[in-house]
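In what follows, a single structure is set out as structure tokens and then discussed.
The values are calculated or read from the model by the stated rules, or taken from the named source; none is laboratory data. All values reported here derive from a predicted model rather than from experimental measurement. No Cβ is skipped: glycine too gets one built from the backbone with ideal geometry, and neighbour counts run over all protein chains shown.
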Amino acid sequence: MQFFVLPFPMHRAVFLDRDGVLNRAIVRNGRPFAPTSLDEFEILPDVPEATRLLHEAGFLLIVATNQPDVGNGLVTQEIVGHMHDRLRQALPLDDILVCCDTQDGQSSRRKPQPGMLLEAAAARNIDLTQSFMVGDRWKDIGAGRAAGCRTVLIQRNYEEKQAVNPDHVVYSLSEAAQIILKSADVILKGSSSSNP
């Protein structure tokens, strides 16, 4: 008698930056900063519905966020943890990955390095080529491209280095969700037509 071990199915994911994507970034002199208090932490109005649609379409929703202010001593891990509790309560997230390394260090997890995305892919059997990275900064797009994901830039017109060749440019997470859902639909139809 022979036994066949079936491979675990690969998952699709949408990786989400935090500040400027899920919650409002604090913009000073044209540059975005993370909130440092719970009073400043505001989930953007369109985010609950956009994440609900992506979740219902079968995507894993994984936050991948740089939080160097923790490493720099500007905000405590406890406050960041409370912020993430708010996200988990309001949104259908599967995981929140955080890199607290400062800009001075060489870190494989700190975006634009793809470490957090690769870590999630290994832990959750994610097909990165069928997944998306959504962010509002060049570092997010760089991490997504390095991991092999398709990338969606939410354009906030920050006065900083610009993202290089994102696959899509939008102005809200709602727009990003619509593009992702349409792209996923095309992929699924293509794979089903090739398997009669």
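Some points to look at:
Conditions tested, residue by residue: (1) at pLDDT below 95; (2) under 23 Å from R145 (Cβ atoms); (3) over 14 Å from the mean Cα position of the chain (by Cα).
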{"residue": "F3", "(1), (2), (3)": "yes, no, yes"}
{"residue": "D17", "(1), (2), (3)": "no, yes, no"}
{"residue": "P45", "(1), (2), (3)": "no, no, yes"}
{"residue": "F59", "(1), (2), (3)": "no, yes, no"}
{"residue": "G71", "(1), (2), (3)": "yes, no, yes"}
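- Any chance K139 is of a type in the set (K, R), at pLDDT below 95 and surrounded by fewer than 21 Cβ atoms within 10 Å (Cβ to Cβ): no
- Filter result (over 19 Å from N23 (Cβ atoms) and among the acidic types (D, E)) within region 138-159: E159
- T102 vs. criteria among the hydroxyl-bearing types (S, T, Y) and at pLDDT 95 or above: no
- Filter result for D17 (closer than 23 Å to C99 by Cα, free of Cβ contacts under 8 Å to residues at least 40 places away in the same chain and of a type outside the set (V, I, T)): no
- For region 92-99, the condition holds for at least one residue, the condition being that it is assigned to a strand (DSSP E or B), in contact with a helix residue (DSSP H, G or I) (Cβ under 9 Å, 6 or more places away or on another chain), more than 14 Å from V14 (Cβ to Cβ) and not aliphatic (A, V, I, L, M).
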